[in-house]
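Structure first, then comments.
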Amino acid sequence: MDHPKVGELPQERSLSFSESPLMAHKTMKQNEVPQWTWSLKWAAIGSSIGAAVPVGYCTGVMNSPAEVMRSWCNETLIARYDLDLGESGLELLWSALVSIFLVGGAIGSVVGATMANRYGRRGCFNICGILLALAAICFYACRPLDSVELLLLGRLLAGLAGGLITAFMPMWHSEISSLSQRSTLAPLCPMGLTLGVVVAQVCSLRSLLGGPENWHLCLAFYGLLVAVCYAPFRWYPESPKWMYVVRGRKDEARRQLQQLRGYTAGSAALQAEIDEMEMEAASKVEALGLVQVLSDPQYRLPLIIVCAFLGGQQLSGINAIFFYSVSIFRKAGLSIQASQWANLGAGSLNLATSMLGPILLERLNRRPLMLFSTFFCTVFLFLFAMMLYFIESFSWFAMGCIGCIFLYIFFFQFGLGPMPFFIGAELFELAPRPAAMSLGSVVYWICNFIIGMAFPTLQNAFGALVFLPFSVACLLLFGLTKRYLPETRGREPSEVAPLVASGFKSKVLLNHQAVSQS
């Protein structure tokens, strides 16, 4: 097996912006370079903090106050309905509270493509803000009103928003940025989700808001971010490509594009991008639905890549690792409090490594990063499973397990963490893009649901060996990347799509080398 190294970039080097024949022609016509305008910065940062961070927050906030919330649910049902669920019934209710968020995510992903085409990317963002705000109100009110139903409703609404965000936000960021800016904006959505989880871990500490009197405030705390970031909602830009190609609002699209790029009114660079959208609009290709994308053979391989990456990210065991980390730290001899802080340290490492994403994706190719990430995730998950299985045999295996957890998290964020969320925007052109990313998001939430529901049972049945399938999943992603993923960095989707249009017969590396040499 080849050992991928980040330093081996020249062997799988993608076309740079200036090397592509199409891009070179455009570069000669352009006298201006796209600027990082306030409109673009606000759209990227505001949407990530106001929407992606709250979804990540809702993902991680239920862990620490779980015992307190379960007791409240039991007491509330007895007081209001004289209903004592017992231990098994309470476990079922808690599973419903956790899983309904994931069910909402899957539903939101299913309708994501339709909503992105009908209401636009900014319209979807505004709908997500409404859902998140309503969910925060439900969380805040559930304890004062003694309503378990409001708690369930809040989790469902937050899940719906999460599904929409994973379906449309990477696509929105891709369409409002220029080709040279795309690598910087691409990882912002997954980085926001990771940041939200860490913020939730901090806020839900028992010494802060995770106690019996404040847990409802803890659940609703993210509402402050939503209020701040959505207050100037009129300032968020719409996708110029959606306005021009899908809606035919050409004058508005031109003004929006000029504002996003910082071009002067008569610049050649602005006209070059308008001409490109005009060519796409002239082809009269309408947005495709899920059935059309699924039935078209040319989309089969890229669709498999998108779904495998998003589903495989969950099947790689990242959430299971965080679920199991506290007990691993306990087996290593740490106290309960020290284990919780170590778990927070693992989440902080996850966040810190994710912040390298914009730098790495800007400077390094997609394929080597994904190969590097999946290979070492495979290795450290396998070592973790073996050390955990034989943890009683050698005293140092406990510390070895902790080391494997931290190293797995470190390498996860090099490629397997951020790349699945935006690879669809780089593989698909405008017409099939919403449906493809929506389907990938559905797979993401379904796999998330499967892991959340099945992992405790599988853990009890197989013990430490439950982590071996996660290692196999990473190995399969390594093979898929090595054989079929084209290099997308610095290339328009119109250049990438033909490389994978022949399905599993596509010769990705040969095609890439031929284009590079031309």
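The values are calculated or read from the model by the stated rules, or taken from the named source; none is laboratory data. Small disclaimer: the values here were computed from a predicted structure and weren't measured. Cβ atoms come from the backbone with ideal geometry, glycine included; neighbour counts cover every protein chain shown. Note: accessible area is taken over every heavy atom of the protein model, side chains too, but ligands, DNA and RNA are not part of it. Shrake-Rupley method; radii C 1.70, N 1.55, O 1.52, S 1.80 Å.
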Packing-based order for 465-473, 107-115, 94-102, 237-245, using average beta carbon neighbours within 10 Å, highest first: 237-245, 107-115, 465-473, 94-102
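For the chain, report the accessible area per residue in Å² (1.4 Å probe, heavy atoms, rounded to an integer).
Working: 21370 Å² over 518 residues.
Per residue, the chain has 41 Å² of solvent-accessible surface.
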Summing -39500 (n - 2.57) over every DSSP H run of at least 4 in the chain, dividing by its residue total and rounding to the nearest 500, the 222 nm mean residue ellipticity is -22500 deg cm²/dmol
Taking the chain and dividing mean pair separation by its residue count, relative contact order in percent (alpha carbons under 8 Å, at least six apart): 25 percent
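Roughly how many percent of the accessible protein surface of the chain is carbon and sulfur, given a 1.4 Å probe and a whole-percent answer?
Details: 13740 of 21370 Å².
Percent of accessible area from carbon and sulfur atoms in the chain: 64.
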Taking the highest mean first, how do the peptides 295-307, 224-236, 124-136 order by number of other beta carbon atoms within 10 angstrom per residue? 124-136, 295-307, 224-236
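Please compute the length gained on full extension between Asn460 and Val472, using 0.36 nm multiplied by the number of residues separating them and subtracting their Cα-Cα distance.
So the chain would gain 2.3 nm between Asn460 and Val472.
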Counting lysine pairs in the chain that sit 8 or more positions apart or on different chains, with Cα atoms under 29 Å apart, gives 20
